[in-house]
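The values are calculated or read from the model by the stated rules, or taken from the named source; none is laboratory data. Just so we're clear, the structure is a prediction, and the values are computed from it rather than from any experiment. Heads up, the Cβs are rebuilt from the backbone with ideal geometry, glycines too, and the neighbour counts pull from every protein chain shown. Side chains included, ligands, DNA and RNA excluded: accessible areas come from the protein's heavy atoms. Shrake-Rupley method; radii C 1.70, N 1.55, O 1.52, S 1.80 Å.
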Amino acid sequence: MALTHPLQWFELSCAALRKNVDAIARLAGRDRQVAVCVKANAYGHGLSEIVALLCDCKRVDYVTVHSLDEAIACRNAGWQKRLMLLGPVATRQIALLSELDVEPLIFDRETLAAVGKLSDKIKRPIRTHLKLETGTGRQGISTRELPTFAALYKKYRYLRRPYGAAMHFANIEDTTSHEYAEEQLRRFQQMLAKLEKLGIKPQIRHTASSAALILFDKTRLELVRPGLAMYGHWPSKETYLSYRMEGGKNDLFHSVLSWKTRITQLKQLPGDSFIGYGCTYKTNSATKIAILPIGYADGYPRSLSNQGHVLIHGKRASVRGRICMNLTIVDVSEIKRVRLGDEVTIIGTDGNEKITAEMLADWGGTINYEILARLSPLVVRKVVF
Ligand SMILES: *Cc1c(COP(=O)(O)O)cnc(C)c1O
């Protein structure tokens with residue numbers, strides 16, 4: 001049988017994405033702005049495909065990105081609404097902020113001064129969001145630095161004040177106890193009060209990533225900033241548990257991405273044969289194996305060697321031996337009538353069986369975010385409607 005093209009692809013469900021956006025919009029409520037995150041190539045889904053779909057979602061006001069390169073990709077994909085830059089920007093690229101109409105998060109003086117000078121030069125305001133450090137120990141300015149930043153904002157005639165004030169939670173996904181998050185919110189409010197005394201009052205405040213949006217009304221403020229939930233995934237088991245304990249529905253989100261491939265070789269190995277690099281697997285008895293044209297270069301983690309499973313004809317087949325750069329070997333001895341070219345599900349549903357990004361994360365000792373974010377940008381994306 002001839003192999004059909006492509007040999008591997010990601011399927012993106014437009015319906016699932018729409019449902020997730022609707023769920024996010026419902027959680028956000030009518031009066032809040034919705035900013036969805038498309039960093040890391042839209043969490044591995046494919047930035048241009050996801051952004052093109054988001055263009056039709058009325059309820060999405062912003063997309064947020066990590067880098068200016070991603071911001072450019074969003075504009076190229078047709079995104080005309082607001083764009084927020086979460087990460088740093090190189091000083092020599094600062095003019096791109098106004099050219100692309102991108103709103104940066106501000107967390108260092110140099111960037112703020114460069115943005116101020118740019119706004120003076122173009123004689124127009126540039127919207128910025130001031131990132132406050134409330135206990136994540138990452139990007140953000142401390143209470144001590146508030147006067148300096150307030151003075152800088154006032155120095156530039158067109159800048160005057162930040163449009164938004166932002167913070168990010170450190171410990172909201174990994175726990176069912178939310179004391180630390182509450183403490184961060186308190187610090188945020190204190191810093192905002194101090195800023196106000198310094199004559200700076202941002203128009204909007206935002207803190208809520210997916211877990212905060214799902215669990216905490218208090219964090220939603222004027223704009224919500226989820227990422228992972230839009231792709232149909234829960235930030236963690238703890239988030240899911242906390243939500244369910246509060247009586248939430250279990251079908252809030254629907255996974256957008258499935259990963260499929262085809263069997264490109266089948267063979268019978270006798271007992272006592274080794275499989276793969278390092279000879280880490282030895283067959284007990286005669287074994288039928290299928291070779292799949294995917295590997296760690298595509299984002300199938302090498303830590304799933306001798307750990308992972310895939311679905312063929314609705315049944316699980318176990319990964320045997322080490323996962324290679326571009327190939328993976330699975331055991332199909334127990335699956336009937338397997339043929340060359342048969343479809344294989346790496347992530348997704350086949351019959352009554354399902355393999356999720358969360359299972360891959362469990363088997364490989366990581367989190368669903370990392371599994372998704374590392375999916376290769378080179379694999380073909382098929383949008384299904
Ligand atoms: C990635 C990111 C988000 C989205 O987080 P999720 O957990 O994916 O919802 C929100 N805010 C900031 C600052 C981020 O870096």
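So the check is Cβ under 8 Å with 6+ separation or different chains; which pairs have a first residue in segment 195-217 that's among the basic types (K, R) and a second one that's open to solvent by 10 Å² or more (accessible area, probe 1.4 Å) and within 16 Å of the ligand (Cβ to nearest atom)? Final answer for the pair search is R205/L221; R205/E222. Once segment 82-96 is narrowed to residues that are assigned to a helix (DSSP H, G or I) and in contact (Cβ under 8 Å) with a residue 12 or more places away in the chain, the residue that is surrounded by the most Cβ atoms within 10 Å (Cβ to Cβ) is L96. The residues on offer are H66, H129, and the sole one that is within 13 Å of the ligand (Cβ to nearest atom) and either farther than 25 Å from L192 by Cα or open to solvent by 30 Å² or more (accessible area, probe 1.4 Å) (or both) is H66. For segment 315-335, which positions are in contact with a strand residue (DSSP E or B) (Cβ under 9 Å, 6 or more places away or on another chain) and exposed (fewer than 14 other Cβ atoms within 10 Å of the Cβ)? Once the filter is applied, which keeps residues that are in contact with a strand residue (DSSP E or B) (Cβ under 9 Å, 6 or more places away or on another chain) and exposed (fewer than 14 other Cβ atoms within 10 Å of the Cβ), segment 315-335 yields only E334.
In the set D31, D61, only one residue is closer than 15 Å to R225 by Cα and more than 15 Å from the ligand (Cβ to nearest atom); that residue is D31.
Considered as a group, the residues in segment 170-193 that are touching a His at 6+ places or on another chain (Cβ under 9 Å) and part of a loop (DSSP other than H, G, I, E, B) include one that is nearest to S210 (Cα to Cα), and that residue is I172.
Of all the criteria given as (1) within 16 Å of the ligand (Cβ to nearest atom); (2) under 21 Å from T356 (Cβ atoms); (3) not in a helix (DSSP H, G or I), the one not satisfied by N20 is (3). Look at Y180 and say whether it is over 18 Å from the mean Cα position of the chain (by Cα), at pLDDT below 95 and either surrounded by 13 or more Cβ atoms within 10 Å (Cβ to Cβ) or among the charged types (D, E, K, R) (or both). Answer is yes for this residue.
Restricting to segment 214-253, and then to whatever is among the hydroxyl-bearing types (S, T, Y) and in contact with a helix residue (DSSP H, G or I) (Cβ under 8 Å, 6 or more places away or on another chain), can you tell me which residue is surrounded by the fewest Cβ atoms within 10 Å (Cβ to Cβ)? So that I can check it myself, show each step before the final result.
Of the residues in segment 214-253, the ones among the hydroxyl-bearing types (S, T, Y) are 219, 231, 236, 239-240, 242-243.
Subset that is in contact with a helix residue (DSSP H, G or I) (Cβ under 8 Å, 6 or more places away or on another chain): 219, 231, 236, 239, 242-243.
Working: T219: 26, Y231: 29, S236: 21, T239: 22, S242: 20, Y243: 17.
The extreme case among them is Y243.
Which of the residues that make up segment 194-230 are assigned to a loop (DSSP other than H, G, I, E, B) and within 8 Å of the ligand (Cβ to nearest atom)? Result: S209, R225, P226, G227. Return yes when L12 is open to solvent by less than 30 Å² (accessible area, probe 1.4 Å) and farther than 27 Å from F216 by Cα and no when it is not. Yes, satisfied.
For segment 34-58, the candidate set comprises residues that are open to solvent by 10 Å² or more (accessible area, probe 1.4 Å) and within 11 Å of the ligand (Cβ to nearest atom); within that set, the residue that is nearest to the chain's Cα centre (by Cα) is Y43. Checking the stated criteria, V344 turns out to be in contact (Cβ under 8 Å) with a residue 12 or more places away in the chain, within 17 Å of K260 (Cα to Cα), out of contact with any helix residue (DSSP H, G or I) (no Cβ under 8 Å at 6 or more places or on another chain) and open to solvent by less than 20 Å² (accessible area, probe 1.4 Å).
With the condition being hydrophobic (A, V, I, L, M, F, W, C), I'd like the strands (runs of 3 or more DSSP E) fully within segment 236-344 carrying at least 3 qualifying residues.
Numbers: elements: 257-262, 265-269, 287-292, 309-312, 315-318, 328-331.
The strands (runs of 3 or more DSSP E) meeting that bar are 287-292, 309-312.
Candidates M167, M191: the one that is crowded, with 20+ Cβ neighbours inside 10 Å, touching a residue at least 12 places away in the same chain (Cβ under 8 Å) and away from the ligand (no atom under 16 Å from the Cβ) is M191.
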